[in-house]
1. Among the residues of the range 171-180, is any closer than 17 Å to Glu119 by Cα and of a type in the set (A, V, I, L, M)?
2. Quick check on my filter: what residues within the range 68-77 are without any contact (Cβ under 8 Å) to a residue 24 or more places away in the chain and either of a type in the set (Lys, Arg) or surrounded by 20 or more Cβ atoms within 10 Å (Cβ to Cβ) (or both)?
3. If you go through the range 17-67, how many residues are among the β-branched types (Val, Ile, Thr), assigned to a helix (DSSP H, G or I) and either closer than 15 Å to Phe92 by Cα or open to solvent by 10 Å² or more (accessible area, probe 1.4 Å) (or both)?
4. Being modelled with pLDDT under 95, within 13 Å of the chain's Cα centre (by Cα) and either farther than 30 Å from Arg70 by Cβ or aromatic (Phe, Trp, Tyr) (or both), is that true of even one residue in the range 120-136?
5. For the range 1-16, give me each residue that is surrounded by 16 or more Cβ atoms within 10 Å (Cβ to Cβ) and modelled with pLDDT of 60 or more.
6. Considering each residue of the range 108-154, count those that are β-branched (Val, Ile, Thr) and buried (at least 21 other Cβ atoms within 10 Å of the Cβ), and give that number.
7. Residues to consider are Ala101, Ala153, Ala162; find the one that is more than 20 Å from Phe27 (Cβ to Cβ) and aliphatic (A, V, I, L, M).
8. For the range 145-176, what are the residues that are in contact with an Asp or Glu (Cβ under 8 Å, 6 or more places away or on another chain) and outside any helix (DSSP H, G or I)?
Amino acid sequence: MYLRESSIPALDEWEALFDVELILNRFGITGEVAELGCGYGTFTLPLARRTSGTVQAIDIDPAMVDTVRRRAAAQRLANIAVHLRDVTTEGFGLEDSRCDACLLFNILHGESPVRLIREARRVLRLGGDLAVIHWRSDIATPRGPSAEIRPVASSIVTWAAAAGGLELADGPFLLQPWHYGLKFKAV
């Protein structure tokens, strides 16, 4: 099921909205990683260059999956596995406790955020990191879902507690100019 208000603009326009290096540096993600909603590979490709582990890039959109595969091949990145999946109905398709980190970037405005967080926790090893970013709601942003469905940080913390097995490790913190982040540890 596609998430409500989840359209994505052209590649160049989309990638101009993020300071990818700042965001990846802030989270310090390494090892085996699952990324839900990989889109064009905006974070997938730089992350694959940073880690010796495999980046499991998951998206519901066949065009996005094809784009990530093409971009990974063009950059000769062999440590990316791209999966076409509807995570809301099929889960991540990964084994329990497989990953050192899981990315939920701009995706928790959907109808079942606790389910997504619970599934992310399932694939994390003990001590693994759940990295979350979302569009800020305190300022006007050039993209993102409507303000009515943008989650605030306190809601995400509540959802993580409801999902279970996670502790807030860091945040909320600003990821200028348009996002904020939260980092949880799997316990």
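The values are calculated or read from the model by the stated rules, or taken from the named source; none is laboratory data. Bear in mind the structure is a predicted one, so any value in this text is a computation, not a measurement. We place every Cβ from the backbone using ideal geometry, glycine too, and count neighbours over all the protein chains shown. Accessible surface is based on the protein model in full, side chains and every heavy atom, while ligands, DNA and RNA are left aside. Shrake-Rupley method; radii C 1.70, N 1.55, O 1.52, S 1.80 Å.
1. Within the range 171-180, not a single residue is closer than 17 Å to Glu119 by Cα and of a type in the set (A, V, I, L, M).
2. Arg69, Arg70, Arg76
3. Residues in the range 17-67 being among the β-branched types (Val, Ile, Thr), assigned to a helix (DSSP H, G or I) and either closer than 15 Å to Phe92 by Cα or open to solvent by 10 Å² or more (accessible area, probe 1.4 Å) (or both): 3 in total.
4. Yes, the range 120-136 has at least one match.
5. Across the range 1-16, the qualifying residue is only Ile8.
6. 4
7. It is Ala162.
8. Passing the criteria: Pro145, Ser146, Ala169, Leu175, Gln176.
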